[in-house]
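Asker: Sharing a structure below in structure tokens format, with a few things to ask.
The values are calculated or read from the model by the stated rules, or taken from the named source; none is laboratory data. From a predicted model like this one, the values you see are computed outputs, not experimental measurements. In this analysis, Cβ positions are derived from the backbone assuming ideal geometry, glycine residues included, and neighbour counts consider all displayed protein chains.
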Amino acid sequence: MAQNNDSILLNFKKASSHLNKLTQMLQNGEYCVDIMQQNLAVIGLLKSAHQMLMEGHLNSCFKNAMSTASETKKQQMIDEILKVSKFANK
């Protein structure tokens with residue numbers, strides 16, 4: 001997953017910057033639609049980072065767990081993926 005870390009980190013940094021801007025915009029009473037657009041930019045960045053994290057996890061940790069003989073480990077990994085997916089869809 002290390003190959004995606006730079007992209008993920010960049011998305012988190014951009015989202016953080018946008019969040020700071022959102023706070024300022026709200027405190028300054030800026031136009032609602034402008035604030036909503038900025039908010040959607042943050043959501044997009046976080047969704048993109050989440051997707052990259054999921055892909056990295058599936059291609060490394062999940063793949064390794066599925067290649068083991070341990071049915072317990074396999075089931076734990078499946079349960080983790082389902083749990084994270086459930087949270088992501090809320």
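Asker: Based on what the data block shows, is Met66 modelled with pLDDT under 95 and within 26 Å of Phe12 (Cβ to Cβ)?
Answerer: So Met66 fails the test.
Asker: Just need a number here: residues in region 5-40 that are crowded, with 16+ Cβ neighbours inside 10 Å and within 14 Å of the chain's Cα centre (by Cα).
Answerer: 4
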